[in-house]
Every structure is written in C-alpha cells, then in structure tokens.
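First the structure, which I've put down as structure tokens, then a few questions once you've had a look.
Values quoted throughout were computed directly from the atomic coordinates according to the rules given, and no laboratory measurement underlies them. In this text the structure is predicted, and so the values were computed from the model without any measurement. Neighbour counts run over all protein chains shown; Cβ positions are idealised from the backbone, glycine included.
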Amino acid sequence: MQRRQFLGLFGLLATPFELLAANRKSTPEDAEGPFYPVVPIPVRSNLVRANDNLVGQPIALTGRVLDRQGNPLTGAKIEIWQCDGRGVYQHPLQDGADKFDPNFDGFGAQLTNEQGYYQFTTLYPVPYTGRPPHIHVKLWQNDQALLTTQLYLEGKTGNSWFQSQRELLQIDPKRDAKGALKAEFTFVV
C-alpha cells in the first residue's frame with residue numbers, strides 16, 4: 001500500500017471519530033425551583049454590591065455556552081440566581097426575605113460574547129434547609145428558553161433521584177494567586 005492510499009484510508013477511518021467528538025452531550029436540566037425572580041433580571045455581571053459587610057465569599061464564575069457541535073452561542077442570555085450567604089433568596093415567597101443581605105443582588109444576567117464566553121461575580125454557594133449549595137441557571141436564545149439547571153459544588157450535590165445528572169453539573173472553585181475564588185463551567189445546548 002502506498003503512503004497516499006494509507007493516508008486516505010486513515011482519513012476515512014478517523015472521520016467518524018471526529019464527528020463523535022464534535023457531538024457533545026447536552027448539559028442536564030435541573031429544577032427551576034420556587035424562587036425564580038419575579039422582576040425582570042437585569043443584565044449585570046457583578047452581583048456583589050459591597051465586599052465590606054458581605055455575608056459570604058465572592059466567587060468569579062466564568063465559562064462558555066456551546067452548541068452540541070462545539071460552536072459558541074453568541075448573544076445567548078445566561079441568567080443566574082441564588083440565595084445570599086445566610087441561605088435567603090431575594091424573593092417575595094421566601095420566608096425572611098426582609099433579611100436578605102443588602103450587599104448582594106441575588107440575580108443577574110449576561111449575554112455571551114462572540115466566542116460564547118460569560119462571566120459573573122457572585123457568591124460562593126451555601127446550603128440551606130436541606131438543600132446542597134447551588135446556583136440556578138437559565139439560558140435563553142432570543143425569547144426561547146434553552147436550558148434550566150443548577151450548578152453544584154464538587155462533591156456536594158445532595159441526595160436525590162437527580163443525583164447522576166447532578167454529577168455532571170459540578171463546579172470546583174479554586175483560589176488564584178491573589179486568593180480569589182474562581183470556577184468555570186461550559187454549558188452545552
């Protein structure tokens with residue numbers, strides 16, 4: 001077999017593997033929960049109003065939004081919402097909502113850039129009332145909801161029938177050289 005024939009045959013064999021690699025699994029869905037904001041979620045990347053009296057630790061949450069072929073979703077809206085450092089949501093149905101930390105905004109949204117990147121400054125998630133620490137997420141393309149899910153801390157996904165799916169929704173925050181907490185997550189829709 002000549003070199004050219006071998007390379008052609010190898011190329012034919014490799015093509016299915018390239019296609020399989022490009023066909024990523026979609027990010028699993030998870031419950032929206034009862035505290036989705038009742039007011040329009042503003043576009044803001046920094047949910048921490050003031051560090052001085054903040055209950056909890058700020059964390060930078062970054063990542064990308066991709067389609068199943070690995071292409072970035074440009075202009076996708078990514079919403080996040082979560083409880084404050086005491087486990088209280090900024091929501092009228094939340095017991096004790098009047099005690100919500102005024103140094104934290106509780107929810108915000110970003111539009112992905114041309115490469116599908118997003119970035120938030122939020123709080124390191126905390127547990128509350130039997131729930132594991134988590135950050136709620138909803139992705140939109142124009143007016144179409146693409147995904148509703150939650151992000152969990154590595155190894156702290158709780159016990160539920162969603163358990164196997166939650167293993168795929170973990171973030172592993174690390175401290176950078178300056179001591180700031182950072183975590184990354186790529187959403188595939």
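Could you tally the net charge around Asp67, taking each other residue with its Cβ under 15 Å from the Cβ of Asp67, Lys/Arg +1 and Asp/Glu -1?
+3
Evaluate 2.2 N^0.38 Å with N set to the residue count of region 57-155, then give the Cα radius of gyration divided by it.
1.15
Still on this structure, I have one more. Could you list Leu93, Leu54, Leu139, Leu111 so that the one with the fewest beta carbons within 10 Å of its beta carbon is first and the one with the most is last?
So the residues, fewest neighbours to most, are Leu93, Leu111, Leu54, Leu139.
Among Gln90, Gln165, Gln110, whose mean-square fluctuation peaks in a Gaussian network model of the chain (Cα, cutoff 10 Å)?
Gln165
Another question about this same structure. Please list, or write none, the aspartates and glutamates whose alpha carbon is within less than 20 Å of the alpha carbon of Lys99, excluding same-chain residues fewer than 8 places away.
Output for Lys99: Asp52, Asp84.
Rank the residues Arg131, Arg166 as a footprinting-exposure proxy: fewest other Cβ atoms within 10 Å of their Cβ go first.
Listing Arg131, Arg166 from fewest to most nearby Cβ atoms yields Arg131, Arg166.
As a test, work out the antiparallel percent of DSSP beta bridges whose residues both lie in region 24-188, rounded to the nearest 5.
Around 70 percent antiparallel, to the nearest 5.
Now, a different point. Rounded if a/c is under 1.5, else prolate if a/b is larger than b/c, else oblate: which is the chain, with a ≥ b ≥ c the root eigenvalues of its Cα gyration tensor?
prolate
Oh, and also: Within region 83-189, which GluC sites (Glu not before Pro) sit in a loop by DSSP and count at most 14 neighbouring Cβ atoms inside 10 Å? Please list the in-between numbers first.
Numbers: sites: Glu114, Glu154, Glu167, Glu184; in loops: Glu114, Glu154.
Sites meeting the loop and neighbour criteria: Glu114, Glu154.
Tell me which lysines have Cα within less than 20 Å of Lys174's Cα, excluding those fewer than 8 residues away on the same chain?
Candidates past the 8-residue exclusion: Lys156, Lys182.
Could you put Val189, Val38, Val126 in order, starting from the residue whose Cβ has the fewest other Cβ atoms within 10 Å?
With the sparsest Cβ surroundings first, the list reads Val38, Val189, Val126.
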